[in-house]
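Chemist: Encoded as structure tokens, here's the structure I'll be asking about.
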Amino acid sequence: METANTRAPDRSQLKVSDEVAIEIDGMNKWFGNFHVLRDIDLTVYKGERIVVCGPSGSGKSTLIRCINGLEEHQKGRITVDGTVLNSDLKQIDKIRSEVGMCFQHFNLFPHLTILENCTLAPIWVRKTPKKEAEETAMHFLEKVKIPDQANKYPGQLSGGQQQRVAIARSLCMRPKIMLFDEPTSALDPEMIKEVLDTMIELAEEGMTMICVTHEMGFARQVANRVIFMADGQIVEQNEPEAFFNNPKSERTKQFLSQIL
Ligand code: ADP
Ligand code: MG
């Protein structure tokens, strides 16, 4: 598989803390009778960059959607930055306020400008004064290198630019953790790099990240851990070097032989 030629991260900036960011313990989820996630155990430390890969339908999206309560789990325990995710809406709100999410389809509001997309939640959810929200939005639009697009509408931007707006919009809520679900898989090849470079910058700033992606170049360079899922289970996980050079399970070998 072709992988995007991203810039190399500054490895000295990539640090993992011994403090836990996310703890998942014996988590199971069903859609009706369909057992989609089975006995998931996962501890994520602050500053980790985890890449999740695996065949289509293996439960990757469902797993990360469970982490911020977009999907409910039925068994086991998810704790995010010390807050247990249960049906209590206050807890769910607290977790969502700390966890940013970025999807394959950017889900920007088409009738709002880029700036308005970025200030909407801070103003209406956080009650941030408009001027302050706009300053913060401009700060993050500069960070993703498109401050000059602030007054345009999403439809006037390229896919890569829209995805960077989606990342900036998440950052405006000051998340402690970012979840990415195939952020580059809807993009033309020449736009993948600019989005991955933005993610590399976040990693260098110490953001805790879980990224579902098939960008294996990114996984090798940026991840500290790669997780392989199949049939709703974590089949194998390891540091990228060992994961790619010395996969243990047959399922992992088969998957890698198909995508690499
Ligand atoms: P992946 O992201 O690894 O491709 P998903 O987490 O999207 O996998 O889906 C895992 C399985 O759960 C698939 O078989 C999918 O069809 C099923 N699934 C996903 N969402 C739902 C839903 N809302 N209702 C029923 N089944 C679903
Ligand atoms: Mg998916």
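The values are calculated or read from the model by the stated rules, or taken from the named source; none is laboratory data. Every value quoted in this text rests on a predicted model; they were computed, and no experiment measured them. Reconstructed Cβ throughout: ideal geometry from the backbone, glycine too, with neighbour counts over all protein chains shown. In case anyone asks, the SASA skips ligands and DNA or RNA and just uses the protein heavy atoms, side chains included. Shrake-Rupley method; radii C 1.70, N 1.55, O 1.52, S 1.80 Å.
Chemist: Which condition breaks for residue 111 when tested against (1) over 23 Å from the mean Cα position of the chain (by Cα); (2) surrounded by 14 or more Cβ atoms within 10 Å (Cβ to Cβ); (3) not basic (Lys, Arg)?
Modeler: (2)
Chemist: When you check residue 147 against the structure, is it open to solvent by 30 Å² or more (accessible area, probe 1.4 Å), more than 26 Å from residue 7 (Cα to Cα) and free of Cβ contacts under 8 Å to residues at least 40 places away in the same chain, yes or no? Even if it seems obvious, please write down each step before you answer.
Modeler: Values: open to solvent by 30 Å² or more (accessible area, probe 1.4 Å): yes; more than 26 Å from residue 7 (Cα to Cα): no; free of Cβ contacts under 8 Å to residues at least 40 places away in the same chain: yes.
So residue 147 does not fit the description; no.
Chemist: Which pairs turn up if I take residues in the range 198-223 that are over 12 Å from residue 50 (Cα atoms) and look for partners that are basic (Lys, Arg) and away from ligand 1 (no atom under 16 Å from the Cβ) with beta carbon separation below 7 Å, at least 6 apart in sequence or on another chain?
Modeler: 198/164; 200/7; 206/15
Chemist: Picking from 157, 179, which residue would you name as being more than 13 Å from the chain's Cα centre (by Cα) and touching a residue at least 24 places away in the same chain (Cβ under 8 Å)? Can you show your working first?
Modeler: Working: 179 fails: more than 13 Å from the chain's Cα centre (by Cα).
After ruling out the rest, the residue left standing is 157.
Chemist: Also, quick follow-up: Would you call residue 244 in contact with a Lys or Arg (Cβ under 7 Å, 6 or more places away or on another chain) and on the phi < 0 side of the Ramachandran plot? Spell out the reasoning first.
Modeler: Numbers: in contact with a Lys or Arg (Cβ under 7 Å, 6 or more places away or on another chain): yes; on the phi < 0 side of the Ramachandran plot: yes.
Yes.
Chemist: Does the range 12-22 hold any residues that are surrounded by fewer than 18 Cβ atoms within 10 Å (Cβ to Cβ) and closer than 20 Å to residue 237 by Cβ, and which are they? Don't jump to the end; show me each part of the working.
Modeler: First, the residues of the range 12-22 that are surrounded by fewer than 18 Cβ atoms within 10 Å (Cβ to Cβ): 12-13, 15-20.
Scanning the range 12-22 gives 15, 16, 17, 18, 19, 20.
Chemist: Going by what's in this entry, would residue 127 be described as at positive phi, over 20 Å from the mean Cα position of the chain (by Cα) and open to solvent by 30 Å² or more (accessible area, probe 1.4 Å)?
Modeler: Details: at positive phi: yes; over 20 Å from the mean Cα position of the chain (by Cα): yes; open to solvent by 30 Å² or more (accessible area, probe 1.4 Å): yes.
For residue 127, the condition - at positive phi, over 20 Å from the mean Cα position of the chain (by Cα) and open to solvent by 30 Å² or more (accessible area, probe 1.4 Å) - is met.
Chemist: Tell me, which residue of the range 236-260 that is touching a strand residue (DSSP E or B) at 6+ places or on another chain (Cβ under 9 Å) and open to solvent by 90 Å² or more (accessible area, probe 1.4 Å) is nearest to residue 52 (Cα to Cα)?
Modeler: 239
Chemist: How about the range 45-60: which of its residues are out of contact with any helix residue (DSSP H, G or I) (no Cβ under 9 Å at 6 or more places or on another chain) and more than 9 Å from ligand 1 (Cβ to nearest atom)?
Modeler: The answer is 45, 46, 48, 50.
Chemist: Another one. Regarding residue 90, is this residue basic (Lys, Arg), assigned to a helix (DSSP H, G or I), open to solvent by 10 Å² or more (accessible area, probe 1.4 Å) and more than 25 Å from residue 205 (Cβ to Cβ)? Steps first, answer last, please.
Modeler: Numbers: basic (Lys, Arg): yes; assigned to a helix (DSSP H, G or I): yes; open to solvent by 10 Å² or more (accessible area, probe 1.4 Å): yes; more than 25 Å from residue 205 (Cβ to Cβ): yes.
It is true that residue 90 is basic (Lys, Arg), assigned to a helix (DSSP H, G or I), open to solvent by 10 Å² or more (accessible area, probe 1.4 Å) and more than 25 Å from residue 205 (Cβ to Cβ).
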